[in-house]
Amino acid sequence: MQIKYFLLVIVALSVLLSCSANKEMSEINAAQKLEITKLQAEVNRLKLAAGMKDVELDGIMAKLDEIQNVQIKNNRVVLTNSILFASGSAKISDSGRQILDDIWDILVTVPNREILIEGHTDNVPISKKDVGTYKTNWELSAVRSIAIVHYVSQHKGANPARLGAVGYGEFRPVASNDTEEGRMLNRRVEIVIGRELK
C-alpha cells in the first residue's frame, strides 16, 4: 500500500516537473490537468485508506491489550511460555488454550492480515530428559509455534492461509540471559499481526 502511494506521488511529481520544465503551468492542456487531478485524488484516497488501516489496527491492539497475561508491543501480542506450555513441552496448557481462544476471537475480526507465530526461548540448553524429543531450543521454539498454528487454525473463522510459524530459539532475546528474570522474558511467544493480504 505504501509503495503504491509513493509511486503515485513520484508519477505526479514527474508530471508536474515535466510540465513546468517544458511549459508554463498556465499552458498545460486539459488532458494533462485531468491526469494531474486524477493522480492527486488517488494519492489522497491512498492516504485516507492508510490512515483508516492504522486506526483499525490500533483498535484491534487495544482490545487485545485487555486480555489478562497479554502484553502488546507495537503490532505484537507477547505471551510468556509459562502461560502456554510446561517446561520442555510443546503441548498447549488448558489456560494457554483459553488465552489463545480469547486472542483469536478478536483476530478473526480482521481477516485480511497475515499473522505470524514466533517462538522464542532462553539460552539454557534442552534438559537431558527432553534431548530425545528436541535437539536444541531452536527446534523446541519452532514446534511450539507450529502447535499454536495448528490449534488456532481450528478456531471458527480462522483462515489457515493467513498463518505462519517460525522458531527463533534463543537468538532474539529481549533481556539478558544472565538472570532468571531475563530468561523468563526471553521464553515467550509473539503473535505478529502483519501486512495486509490481497
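Only residues that are surrounded by 15 or more Cβ atoms within 10 Å (Cβ to Cβ) and either in contact with a helix residue (DSSP H, G or I) (Cβ under 7 Å, 6 or more places away or on another chain) or modelled with pLDDT of 95 or more (or both): list them for the range 83-94, please.
Within the range 83-94, the subset surrounded by 15 or more Cβ atoms within 10 Å (Cβ to Cβ) is 83-85, 89-90, 92.
Selection gives Ile83, Leu84, Phe85, Ala90, Ile92.
Count of the range 107-126 residues, restricted to those that are touching a residue at least 40 places away in the same chain (Cβ under 8 Å) and surrounded by fewer than 17 Cβ atoms within 10 Å (Cβ to Cβ), is 8. Applying the condition of being in a loop (DSSP other than H, G, I, E, B) and among the β-branched types (Val, Ile, Thr) to the range 66-105 and asking which residue is nearest to Gly169 (Cα to Cα) yields Val70. Picking from residues in the range 134-155 that are under 16 Å from Ile92 (Cα atoms) and of a type in the set (S, T, N, Q), the one that is surrounded by the most Cβ atoms within 10 Å (Cβ to Cβ) is Ser141.
Taken over the range 183-198, the criterion of being modelled with pLDDT of 95 or more and surrounded by fewer than 16 Cβ atoms within 10 Å (Cβ to Cβ) is satisfied by Met184 alone.
The values are calculated or read from the model by the stated rules, or taken from the named source; none is laboratory data. Since the model is a prediction, treat every value here as computed from it, not as a measurement. Virtual Cβ from ideal backbone geometry, glycine too; neighbours counted across all protein chains shown.
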